[in-house]
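Throughout, read-outs are computed from the coordinates displayed, never taken from laboratory work. On a predicted model such as this, the values are computed, not experimentally measured, just so you know. Here Cβ is always computed from backbone atoms with ideal geometry, including for glycine, and neighbour counts include all displayed protein chains.
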Amino acid sequence: MSDFTSNAPRHRSRRGTEFLLYFSLIFILAIPFATVFWLLDVFQKQTLFLHGPLARAWAEADRITPILFSA
């Protein structure tokens, strides 16, 4: 008997138009806040080896948008 659990097909969630609309809005709104917090981190840690403001805004939008759709 074979074990198929390790090679189970991955189900990729398809993000619809509504999801992308909300993601885009949250991303655009998060950019200024992420920039301010990034600048604060740069001055506090005195290094540029940090995630930039766009990466931070993307991560924030990627975290918040699914929460909106799960409610």
Practice task
Go through region 46-63 residue by residue and turn each phi into a ³J(HN,Hα) via Karplus (6.51, -1.76, 1.60, θ = phi - 60°); whole Hz please, and just put x for glycine and proline.
Solution key: 6, 8, 9, 7, 10, 5, x, x, 6, 5, 5, 5, 4, 5, 5, 5, 5, 7
Exercise for the section: Binning at 5 Å from 0, report for region 31-70 what percent of all alpha-carbon pair distances ends up in each bin. Expected result: 5, 26, 25, 18, 12, 7, 4, 2
Practice task
Using label points projected 7 Å from each Cα along Cα→Cβ, tell me how many nm separate Leu39 and Leu20, to one decimal.
Solution key: 3.3 nm
